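Notes follow the structure.
Every number here is computed from the coordinates shown, using simple stated rules; none is lab data. Here the structure is a predicted model, which is why all the values come from computation and not from measurement. Positions of Cβ are backbone-derived with ideal geometry, glycine not excepted, and every protein chain shown enters the neighbour counts.
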Amino acid sequence: MGVQTKHFLNAPGSLVLESLEGLCAVNPALSLDAANKVVHLADQDKNKVALICGGGSGHEPSHAGFVGNGMLTAAVCGNVFASPGPNQVRRGIELTDNDKGTLIIVKNYTGDVLNFGLAKEQFAAQHADKANRVKFLVVGDDVAVGKTQGSIVGRRGLAGTVLVYKIAGALARSGASLDEVYTVAEWVAGHIATVGVGLEHCHVPGTAAGEGHLSSSEIEIGMGIHNEPGAQRVSPVPPLQTLVQQLLDLLLSTEDKERAFLPVTGKDDQVVLMINNLGGLSELELGGIVREVEKGLSGRSVRVQRVLAGTFMTSLNMPGFSITLLLLPSKTSTSSPPADLLLRLLDAPTSAPGWKWSSGAPPSSAAATQRAMAARAPARAGGVRLSAPGLEQAVERACRALDKAEPEITRMDTVAGDGDCGLTLQTGAAGVLQQMKEGNVSSKDVVGSIIAMSEVAAEKMGGTSGALYSIFFSALAQGLQAAGSATGGTATPEVWAKALQHALANLYTYTRARPPSRTLVDPLAAFVGALAADPADALGAARKAGAAAEATRDVEARAGRAAYVEGGRLQKERVPDPGAWGVKVVLE
């Protein structure tokens, strides 16, 4: 089957920004920070909790189309299928800073989780007095990813995320606290399930035209929203009734232990149903799909309380659709938000242009621009000021060692990754040395120095490793401020030990890697654990970190780039993980 490769545009590189400008023309209540691709409410109520989301473009109306009163306060947009950078996200947090707090909601994709998480941690590090007023929620609702596979990478975030936006946004507009909004949003995120199906993959503007991935007689179940392949190909294309039953089996199964994500009882379960057009489906077909799915649910004794249908989260021009179910709490549940509250929040009005009309009733009765401010945040405010004699010399030694180790780390990464780890670490080291030259890394201000290193990691290193280092350093700065508040201004070994524990715990929020994983987490966790046991023996902790890095030679890759490398080659070469080796070099 052929892919539609023709598009209406001026140039691929300008399409995202021009589209956002068009959205703001449609709704003058929206404002655009063009430099950072942040769409936000022009007249925000600072007495209400703010909701921020975002991700790569190409999923319209997600995410910017859902900015409006009663839904999102801001959306941060990357290029097509590419996460926005942490500076863009941090700008979004700054633009929506308020008196009540901010909830960041992201779909479960590595780039989104890392970059949005990094921005949150940087903001918290720079604004110690506001650190507890920003919360973070990751949504993963894809049932195509089984529980075994999902235990490593997590379920992908799909169209069900939009229901979290809507319910949490309406609750925030009612004046609820940050904790109340987060609690309800988290509950909703834990009770949604989505599965998608496509006739063909989409075409990304500006890329070469290619042959279709599927034949004219095939469909693919479980396709992602970034052209990821699905879990199963079916041929010939089944009748819609048969296909819908297959999809409902995935969504509602309690027997398939890989797919039992929704705690359905099989008797009078109540759901909200969302049928989402993935971008290239006709409205005629969409109506038939809605009818078939609602009919299929009724035949399984599942009571549909609301039906939403339309274009909510697309994959550019992909001809396909997804089904999302939100399982409502039972009347006897005492630990869940009331079902009638969730339905009222879902029905509440919103000015978001991307939200679709709904009846506000079960199907049976429903038949009849603010100017952009300065791009960078002001210098950090609040917090303690700690000193650490010898910090500059220690940091310089580590940077020089990374520079010297670049060829060896690069050699390791050509076997175990994509060959850029050595250069990435070398670039980060050079950036830190430049910050030291400019006086931003100083033994007189440990926290400020760590924040400077975090910014170098984010801005100079980039990629996954840059985000991981930057998140860790941002969290380390927070931990130093918390642990050092009672030491009289000196970063003692005990302060470092506690701060490093805090930093590692925060890093675990944004990565599923746990030792042994053949990643930089292995030596890092070994060092932090040893130092926590004996803060006075940093050299001993470094030796344990070195041993953990050496041990990655024989560890099966469970995360990172190496997880995609043929395992036999890694076993034959016995190459240590290059990221873990970089940590070893720094600590030694």
Legend entry - Protection proxy ranking, peptides 481-489, 350-358, average beta carbon neighbours within 10 Å, highest first: 350-358, 481-489
Inset, instruction - Provide the gained length on full extension for the span R233 to E258, in nm with one decimal, where the gain is 0.36 nm per separating residue minus the Cα-Cα distance. - result: 7.2 nm
Legend entry - Sorted peptide list for 175-187, 385-397, criterion being average Cβ within 10 angstrom, highest first: 175-187, 385-397
Legend entry - region 13-29 - phi-based ³J(HN,Hα) in whole Hz, Karplus 6.51/-1.76/1.60, Gly and Pro as x: x, 9, 4, 4, 5, 5, 5, 5, 5, x, 4, 5, 6, 5, 10, x, 6
Inset, instruction - Could you pull out the pairs from K120/K460; K107/K147; K135/K444; K37/K120 whose alpha carbons sit more than 23 Å apart here? - result: K135/K444
Inset, instruction - Pull out a ≥ b ≥ c, the square roots of the eigenvalues of the alpha-carbon gyration tensor of region 254-362, then state rounded if a/c is under 1.5, prolate if not and a/b is larger than b/c, and oblate in the remaining case. - result: oblate
Legend entry - Prolate/oblate/rounded call for region 22-80, Cα gyration tensor, a/c under 1.5 rounded: prolate
Inset, instruction - Could you name the aspartates and glutamates whose alpha carbon sits less than 17 Å from that of K356, not counting residues in the same chain fewer than 8 places away? - result: E60, E283, D347
Inset, instruction - Sort region 436-547 into rounded, prolate or oblate with this rule: let a ≥ b ≥ c be the square roots of the eigenvalues of the Cα gyration tensor; rounded if a/c is under 1.5, and if a/c is not under 1.5, prolate when a/b is larger than b/c, oblate otherwise. - result: oblate
Legend entry - For volume of the Cα convex hull per residue in Å³, calculated from these coordinates, the label among (1) 844; (2) 166; (3) 283: (2)
Inset, instruction - Could you pull out every residue, at least 5 positions away or on a different chain, whose amide H is within less than 5 Å of the one on A231? Hs are placed 1.01 Å off N in the peptide plane, and Pro or chain starts have none. - result: I221, G222, M223
Inset, instruction - Apply the Karplus parameterisation 6.51 cos²θ - 1.76 cosθ + 1.60, with θ equal to phi minus 60°, to every residue of region 78-85 and state each ³J(HN,Hα) to the nearest whole Hz, in sequence, with x for glycine and proline. - result: x, 6, 4, 6, 10, 4, x, x
Legend entry - Karplus-derived HN-Hα couplings along region 128-139 (A = 6.51, B = -1.76, C = 1.60, θ = phi - 60°), whole Hz, x at Gly and Pro: 4, 6, 10, 4, 8, 9, 10, 10, 9, 9, 9, 10
Legend entry - 16 Å Cα-Cα reach of K48 towards aspartates and glutamates, excluding residues that sit fewer than 8 places from it in its own chain: E94, D97, D99, D179, E180
Inset, instruction - Determine the dipole magnitude for the chain: charges of +1 sit on the beta-carbon of Lys and Arg, -1 on that of Asp and Glu, nothing else is charged, the reference point is the Cα centre, and the result goes in debye to the nearest 20. - result: 740
